[in-house]
1. Across peptide B:213-220, how many C-beta atoms of other chains are within 10 Å of each residue C-beta, on average?
2. Binning at 20 Å from 0, report for chain A what percent of all alpha-carbon pair distances ends up in each bin.
3. If the only charges are +1 at each Lys and Arg Cβ and -1 at each Asp and Glu Cβ, what is the size of the charge dipole of segment B:127-256 around the Cα centre, to the nearest 20 debye?
4. Mean residue ellipticity at 222 nm from the helices of chain A, using -39,500 (n - 2.57) per DSSP H segment of n ≥ 4 over the full residue count, to the nearest 500 deg cm²/dmol?
5. Positive end of the charge dipole of segment A:203-303 (Lys, Arg +1 and Asp, Glu -1 on Cβ, about the Cα centre): tell me which of A:Ser220, A:Leu244, A:Leu275 has its Cα farthest that way.
6. Taking 28 Å as the cut-off for C-alpha to C-alpha distance, list the pairs among B:Lys39/B:Lys67; A:Lys530/A:Lys749; A:Lys398/B:Lys190; A:Lys863/A:Lys988 that go past it.
7. Binning at 5 Å from 0, report for segment A:417-505 what percent of all alpha-carbon pair distances ends up in each bin.
8. At a Förster radius of 60 Å, what calculated FRET efficiency corresponds to the Cβ-Cβ distance of A:Met632 and A:Val735, to the nearest 0.05?
Amino acid sequence: MKKIYSIISVFLLCSFVALAQTPANRTTKTIVADVLAQMPAERTSQYYAQIKELSTTGEEGVSQLVSMLLPPGKGSNANVEFALSGWANYVTGEGLEAARLTTATALVKSLDKVSDPYNKAFVISLIGIAGKNEVVAKLTPYLKDASVVVSDAAAKALASINGQAPPKAPLPAKSTQQHERIAALGAQMAAKPTDALKLLQTALKDADRTYRYAALSFASEYATEAMYAALVQSLAKATLEVQLDIINWLGNECHNPAARRELTSDAAEQTLVRLVSNNELRKSIIQLWAKLGGRYIPFLAGMLNATDETLDWAYYALLTTKGDISKPIASFLRHGCIRKGNVSDPVVTPIPETNDAGKIAGLKLLAHRQADEYVYVVMDLTTSGTQEVQAAAYTALKDVVLPEKRIEFFTSEMNKLEADKQYLYYPLLASTNAPQALDIITKRFYSESGRAKEAAFQALLDWNGLEVSDEMYKIAQTTSAYSNKALDRYIQLASDDRLTGENQRLQLTQALEIARTDAQKNAALEQLGKTNSFLGLRLAAHYLDAPAVQQRAALAVMSLALSNNFSGRDIKTLLNKIVPLLNNPDADYQRQAIRKYLAEMPDEAGFVSIFNGKDLSGWKGLVENPIARAKMKPAELAKKQKSSNEQMRNDWLVENGLLVFGGKGDNICTEKQYGDFEMVVDWKLESSPDADAGIYLRGTPQVQMWNIARTDVGAEVGSGGLYNNQTNPSKPLKVADNELGTWNTFYIKMTGDRVTVLLNGELVVDNIILENYWDRSQPIFPLEQLELQAHGSKVYYRNIYVKELERPKPFELSAQEKKEGFQILFDGTNMHEWTGNFADYQLEEGTISVHPSHSFGGNLYTKKEYANFIFRFEFQLTPAANNGVGIRAPMEEGDAAYNAMEIQILDCEHPVYQDIAPYQHHGSVYGVIAAEHGAMKPAGEWNEEEIYANGDHIRVTLNGKVILDGNIREAAKNGTLDHKEHPGLFNKSGHIGFLGHGNELKFKNIRIKELKEKR
Amino acid sequence: MNTARREFFKTMGCALAFTVVPRHVLGRGFVAPSDQLTKGIIGVGGMGRGHVNYSGTRLVAVCDVDKKHLELGTQLVADKIAAYHDFRDLILDKNVDIVHIATPPHWHGIMSVEAAKAGKDIWCEKPMTRTIGEGRRVMEAVKQYGVKYRLNTWFRFADNFYGLGTPVKPLKKLVQSGLLGSPLKVTISKHTGFDWKFYWTGKEYLEPQPIPAELDYDMWLGPAPLKPYNAHRVHETFRGYWDYDGGGLGDMGQHYIDPVQYILGKDHTSPVKVEVDAPQQHPDAIGTWRSITYTYDDGCQIVLWGGDFGKPDTPYIAGTKGNVYKNFVCDIPDWEKKLADFPEPEVQVTDFIESVKTRKPFALNEQNGFRSSTIVNMGVVALRLNRTLHFDPVKLEFINDEAANRLLSQPMRSPWNI
């Protein structure tokens, strides 16, 4: 049942869709109809693609969809509901804040146009999904709506938006008066079934529709042929509403043979045929007839001549009439096309003989059925018949031929035609998406002329795939009659979801460079606004001063900044600049959103350009390496710097706003030194086999860039990796390079010793430690220059921006600790002294922060082993957090509480731990010696702890209070407290480890002093 | 049972420790009074009438908003019993010790909390609640008012577990032993012996119909939004609508997943990620899906394949060192011999009457029941939004997804609240 239904609905909706689609410049109406025809999406990717397309229609699309909602009982809203709810859900996704705002605002506006309370409630429920504060004021009045359906929905939506439950009220009183009345009527009918008709007729005069329905529902049990006859008779005089109730009820009664007999009588036919002319009743009567079939089929078939929705209802009714499905379809083709005759195959044979409309309908039918076996019928119609029919036949071919046969079939059929007709197959070839098809069409575009060239170009335009992008860009760069349309299409392709936002931005940058018309610039700017790219924002900002494009530019700047939380002084300036510029119906909302955003924006420099596009100011030449430089005397360094600066001016040039390395010479370096930072940069390697370059972070190689064809040096892994790492990963996670000789872009983030790299919007390095190439026994330098590497091939750079991140001050030992000989194990800037689970144990704001979400498992250990020591550290817990310090631990699988010794770390004041054993408390030698309570600060505050381990003597001091002081050998003498084996309890020495990765907590300021064992 | 006696049970019962590393139980047995406990059933449709006969209790009251159902309910036992239209009357009935909730799931949360407030012990049909927020409230209320709670599915401790053809206990022992390695991936699909009952799908368009005289539709809907009546929304077919349940996932989810949660030792936590592969879902009518994949923070996965999807030869449990297939076929050589040396799974209270009398937690209670119900409800939210969601098992929230979080605790139709 469901399957037939969806085929039909697609079929019906197709009649609204124009036959030949040009993807560019489609109207909202077409997009909406297209998307509706494809609802519901079978796959997530289709769902996102369709809804994304739909969301481009903005307010107009919302308004159109909402206006299509039929009140309950008037027909299915399923596809409109799929589309609208899909839309509302979609815009709540990441990075779609601007679209969400548009959608929520549009939904609110559309409410005025909905009159039916259930539909109103539905739209309000969507606002409850997509809306935020901006809709609250508009939604609040609906709390007092006359319809309880609407006010309930508004209360629910507002509660969702505010993130809180509605105020609690005492639970309600019980059943309604209406309920009692209905029950009474039921009792009356049951008591005296002979009065059923009379009671029913009285009830049908009642104003309450629910009551009328109930009466009809009760009457079903007592219905006789006479009752049906009487009701059919009463139809003539009843009010429209009651007529509808009766007809709908009769429809439900069709399972009763008595009802069928009466309803197929001459008298009933006369009445119904008279009433069917009434628009309000027609659909219900058609549905009734569909159930009755037989004598009513000719009437239904006759309605297929209609030009309004009656045709759809009648067609659907015919298809749902019981019996062989070929019968109603044959009937459609025979009657609908006003042509009769003998048919051997009821479905297909009539098609070539009907009039044009019939042929077109028949072709659509074959296409929807993918009637591969009837391909000859379609082929015939591609050559016979009017132009319109031929076009329909070509369109149908796309679907009639099975996908796997298409390319072969179309190529061979095309080659059978005379040369001047072959172009007719270009659209079909394009529909296959096969590489050889693109090849054929492209060649024909360049070799043909006239109509054939036009057709080839159109097929390229219609090509549904990114592989056509390069060709479009090529054509767009020419000055032919095609270049404008090609550029339009190129811009459209640049918005494809399969491209990352950064790659979209790189394509749009190219498009804007050659755009000729304002319309093209506007189209590119509009797409640019959806790329989530910081450099996209910078690019859009260039267009703020040209009146013809400044609106689109302003919207792009706004949505990029707000959707991605871009901040900084430049962004602030730009946003302040666009506030007065915005001029569109939603400008007030937008200004409000921008002001709110500005008010909440942190005051920071943000991304700062470090290359001005004109000269090399801010840059200097390279002098040896950071370690060597540190050893030089200032005068010596200054001298060397001077000569290397001269060298730099030979090697590095500024051309057309790009920073260019010619292929010979040395690295170029920033004058400024950077600690923690984010960086974005576009780069392009010259198209040469040996292409190779890199970016040095803190004076240290490097984020790799190379020609990925160089398999002899392992370049097939892609660019972006930390090439010189030896113990930490050096290869990128995936290949994300664009074609050699075209632009790429990096986002690089460095905090502490960790580096993250996105290449062309794809994560290729995920928070990995950068090793110190110059001296691997040292951690990476805390502060050094950035360098662009010279590696023997030509390289271009542009858009170089750096955002400095606030950086924790490294921890330093107190004078006392220094004197006592403590050594730092963690100062907040690197995890050089540690090894193990770097995925869950992250370096964050000067702390080692445990984030269980990474779920790689394992503990964090010191690289070195320690026997006797004083170990001091600070820790901060989240509620109920659990961890532990393993001491004298082996670096292997197994539980350090048993194969070594664990000093428990636990938020044991949390109520969930109220019943744990004393030896599980914080500070305990787990399972062996219990620690005292009461010294722990509440979760969220920092605690200081010292663990003194000297031979068998263990002492734990928490926030200045000794909470454990004992001898493990004595404690375990008569068996441990937890009655378990602790084979590692008396280990002589081992690593110190943080144990566990299941809870969030932080450590900082970790230092140690080694002791000589005293007995 | 009189108040004094109920208080007696409560104070004599031991306070229960939260399970942390080495579990600490203050078990202290005592003999309970032998009086027979009484119960009242809310919702005597198909489910409620089918669950009368468990030993140790006497049925004294029934409640339903459908007069026909209520009448059938009063005929369940020979004695004359109380019949209520409003569930609050049944809960407040002094003669009722245990409140048995057998309504559609959209009522479970409210009724459980109200029963807990009245100090009644609760027997609730699965799924526990239709949102994560409601489940959380139930958990809080059960704790706050000190009542006992049983979620009614039983495969973690009784009966052969569907396609495995064996009770869960040996499976639990095998997984607990570590012989299969770690992490584990459990696949619940047709090919491992489980059916997701896709006949519980809704219709995207329902003609408004007259409300049958015997049904108080407004009360049937209760906290759910008011929508025009159609017979397909209620009684045997309500499972196909998001407003009341979660389709085949809602129906069978806790039956199939709760034992898995127990086997994997995940009773105290939740997956951190859920991914779905499904057609777009209608806002009202529930559709089908191809797969739902849950991932825990340690890499363990539960994979559900709908309909005929998935591979025929998929193991039920795939481990790094061995696999278990349908009908408990394990590919580790001599696994039975190897397993003999490992300890048996912990003993649980599997008789609710014992739990009520001794105040020990039932094997499947509001805490672990909430966790398995949460797995189902995470899937429901991911299906409705058709996107991958990340979940914080401690805060019980989705991460960085406001729309998903709005589905955590869905506001109820006035005046209902929880």
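Only the coordinates and a few stated rules stand behind these numbers; no lab work does. The model shown is predicted, which means the values in this text are computed figures rather than measured ones. Because the Cβ atoms are built from the backbone with ideal geometry, glycine has one as well, and the counts that use them run over all protein chains shown.
1. Counting Cβ atoms of other protein chains within 10 Å of each residue's Cβ and averaging gives 5.
2. Per 20 Å bin, starting at 0, the Cα pair percentages come out as 10, 28, 30, 22, 9, 1.
3. Roughly 920 debye for segment B:127-256.
4. After summing the helix terms and dividing by the residues of chain A, the value is -13500 deg cm²/dmol.
5. Result: A:Leu275.
6. A:Lys398/B:Lys190
7. In order of increasing distance, the bins hold 3, 15, 25, 25, 17, 9, 4, 2, 1, 0 percent.
8. Step by step, r from the Cβ atoms, then E = 0.90.
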